[in-house]
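The values are calculated or read from the model by the stated rules, or taken from the named source; none is laboratory data. Keep in mind that this is a model prediction, so the values were computed, not measured. Ideal geometry is used to build each Cβ from the backbone, glycine not excepted, and the neighbour counts take in all protein chains shown. For accessibility, only protein heavy atoms count, side chains too; no ligands or nucleic acids. Shrake-Rupley method; radii C 1.70, N 1.55, O 1.52, S 1.80 Å.
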Amino acid sequence: MSKAQLWKQRFFYGSTDLAGNLIWQIVGLYLLFYYTTVMGISPAFVGTLFFVVRIIDAFDGVVYGFLIDHTHSKYGKARPYFLWFGIPLGILTMLLFFNPSFGGNKTFQLAWISLVYTLFSLVYSGANTPITAILPSLTKDPAERTNLASARMVMTNIGTAIIGAISLPMVAKLGGKNAEKGWMIWGIFIGIAIIVLFLGAFANLREQDDIVDDSADAPEIKGHLSIGESLKGAVKNKPWVILSLSFILLQTFWVIRMQTAVYYLTYVYQRADLVGAFNGLVIVAVIGNISIPFLSKFMKHRNVMLLSMITFAIGEAIMSFKSIPLLFAGNVIALVAMGAAFSISFVMIADTVEYARSEMHIDEPGILSSVPMVGAKLGMGFGGLVSGWLLTWGGFQATAKIQGAKALTAISTSFVWLPVILALLILVILFFGYKLDEDEIASAKAAKEDADKINENA
């Protein structure tokens with residue numbers, strides 16, 4: 001593959017997660033805020049809604065992974081899902097911010113919000129599970145997989161920065177004094193962008209057919225497993241189990257942090273004018289993204305993640321001091337760390353897929369690659385529940401410009417200290433539990449390929 005083709009593949013692979021994260025970041029950063037302050041819905045209801053929907057669709061990523069493993073089309077296994085689910089995701093993005101008043105009937109309004117949010121969550125998994133599932137099939141070169149994962153997260157953070165920096169100004173510009181109208185128009189723009197990006201990825205990405213070793217003396221690779229066999233194989237993949245638990249915790253604290261950032265600046269700092277600049281700083285996470293190919297040359301993937309969690313905790317702790325310079329400095333440190341953490345986590349998922357193939361002789365990239373979706377859904381559920389109920393416990397009042405001391409404590413706990421605790425918990429779990437050595441797997445695979453070439457030439 002030429003350099004131009006490699007960069008084209010990296011761009012369109014990254015565009016898939018850019019598309020998904022345009023709406024994911026709005027949901028994470030602003031949906032709780034939108035529902036409570038614009039729509040006037042109680043934080044307890046919204047937090048409970050987020051949690052209940054996560055229970056409903058927590059493991060739909062596994063189902064989509066199973067379907068991907070059993071999909072046979074001229075477009076490949078994972079690629080068709082960008083077409084099948086990208087368009088509905090864009091439409092549902094628009095509907096998230098289209099909320100009829102139903103003549104003032106609050107029950108109908110809450111039912112509508114609950115229905116649209118549930119459908120959005122189910123379709124989101126269908127569009128995003130194949131992003132991770134397709135990675136092992138785009139290239140058999142481990143170094144290029146790392147480059148693709150980094151490109152994915154670079155594009156993700158570019159989109160995240162755009163959403164964080166301009167969403168509130170755009171809503172104000174589009175809606176004027178009518179925030180509800182502004183959010184509705186902004187949702188339409190984002191929905192159209194999502195559709196265009198997913199269609200572009202579908203048209204330009206190609207899955208390779210020669211990823212699995214099918215030489216005469218290669219061990220039989222079991223594929224097309226039943227869902228029961230797939231789940232049994234996944235559970236026996238110990239590195240995958242440990243990584244799955246870590247990813248759920250990672251998504252949980254990241255969702256909590258995202259959802260409460262706007263509250264932290266608005267009520268703890270009394271600087272709502274800084275929200276756009278603060279959220280827009282997520283662009284610095286690109287530094288963490290592009291550092292992964294370099295760090296991976298000198299450190300095990302697990303150790304890169306451990307370093308990321310330590311750095312993130314330091315950055316969060318710095319933001320606990322009441323100082324705007326330290327607030328922004330800590331945010332930069334934490335975001336760079338998270339850029340590295342998310343990039344290396346997707347590489348590690350690909351490692352567990354390769355581990356299943358080489359050590360367990362099982363080919364189930366769809367099921368194993370469902371980790372991000374399961375983690376994201378459970379993380380949003382737990383994060384939304386904790387955020388919503390902590391605000392309720394603290395006596396948060398959406399109509400009050402000044403919150404009570406207890407509410408400020410709840411906001412600070414959600415934004416700073418819960419993420420620190422969960423990041424350190426991930427560190428402990430990976431340090432003691434994750435034993436996969438990607439270098440050994442790559443060396444064994446390279447030796448096998450060299451032996452095959454010698455046999456072919458003999």
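Screening the candidates 313, 285 for the property of being small (Gly, Ala, Ser), under 27 Å from residue 260 (Cα atoms) and at pLDDT below 95 yields one hit, 285.
Inspection of segment 68-75 finds no residue satisfying the criterion of being open to solvent by less than 60 Å² (accessible area, probe 1.4 Å), assigned to a loop (DSSP other than H, G, I, E, B) and basic (Lys, Arg).
Only one of (1) at pLDDT below 85; (2) open to solvent by 10 Å² or more (accessible area, probe 1.4 Å) fails for residue 164. Which number is that? The one condition residue 164 does not meet is (2).
When the residues of segment 162-206 are narrowed to those that are in contact (Cβ under 8 Å) with a residue 40 or more places away in the chain and either among the charged types (D, E, K, R) or not in a helix (DSSP H, G or I) (or both), which ends up nearest to residue 95 (Cα to Cα)? Here the residue is 180.
Among the residues of this structure, residue 221 counts as one that is more than 30 Å from residue 338 (Cα to Cα), modelled with pLDDT under 90, touching an Asp or Glu at 6+ places or on another chain (Cβ under 7 Å) and open to solvent by 30 Å² or more (accessible area, probe 1.4 Å).
Quick check, is residue 275 within 20 Å of the chain's Cα centre (by Cα), aliphatic (A, V, I, L, M) and modelled with pLDDT under 90? Here the answer is no, as residue 275 does not meet what is asked. Return yes or no: is residue 98 assigned to a helix (DSSP H, G or I), of a type in the set (Phe, Trp, Tyr) and open to solvent by 40 Å² or more (accessible area, probe 1.4 Å)? In short, no. In this structure, is residue 287 part of a helix (DSSP H, G or I) and either among the acidic types (Asp, Glu) or surrounded by 17 or more Cβ atoms within 10 Å (Cβ to Cβ) (or both)? No: the conditions fail for residue 287.
Just wondering, is there one or more residues in segment 292-300 that are buried (at least 21 other Cβ atoms within 10 Å of the Cβ) and over 30 Å from residue 120 (Cα atoms)? Show your work before the answer.
Here is the first cut: in segment 292-300, the ones buried (at least 21 other Cβ atoms within 10 Å of the Cβ) are 292, 296.
Filter once more, keeping what is over 30 Å from residue 120 (Cα atoms): 292, 296.
The answer is yes, given that some residue of segment 292-300 is buried (at least 21 other Cβ atoms within 10 Å of the Cβ) and over 30 Å from residue 120 (Cα atoms).
Residues are listed down the side, and each one gets a yes or a no for (1) buried (at least 24 other Cβ atoms within 10 Å of the Cβ); (2) at pLDDT 85 or above; (3) closer than 24 Å to residue 71 by Cα:
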| position | (1), (2), (3) |
| --- | --- |
| 340 | yes, yes, no |
| 343 | yes, yes, no |
| 354 | no, no, yes |
| 358 | no, no, yes |
| 366 | yes, no, yes |
| 385 | no, no, no |
| 394 | no, yes, no |
| 401 | no, no, no |
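Of 285, 234, which residue is touching a helix residue (DSSP H, G or I) at 6+ places or on another chain (Cβ under 9 Å) and farther than 16 Å from residue 346 by Cβ? That would be 234, the only listed residue that is touching a helix residue (DSSP H, G or I) at 6+ places or on another chain (Cβ under 9 Å) and farther than 16 Å from residue 346 by Cβ.
If the condition is being surrounded by 14 or more Cβ atoms within 10 Å (Cβ to Cβ) and in a loop (DSSP other than H, G, I, E, B), then segment 101-134 contributes only 134. Cβ separations smaller than 9 Å between residues 6+ apart or across chains give the following pairs from segment 26-51 residues that are on the phi > 0 side of the Ramachandran plot and in contact (Cβ under 8 Å) with a residue 40 or more places away in the chain to residues that are among the aliphatic types (A, V, I, L, M) and open to solvent by 20 Å² or more (accessible area, probe 1.4 Å): 40/398. Among the residues in segment 319-326, are any in contact (Cβ under 8 Å) with a residue 12 or more places away in the chain, on the phi < 0 side of the Ramachandran plot, open to solvent by less than 10 Å² (accessible area, probe 1.4 Å) and not β-branched (Val, Ile, Thr)? Yes, segment 319-326 contains a residue that is in contact (Cβ under 8 Å) with a residue 12 or more places away in the chain, on the phi < 0 side of the Ramachandran plot, open to solvent by less than 10 Å² (accessible area, probe 1.4 Å) and not β-branched (Val, Ile, Thr).
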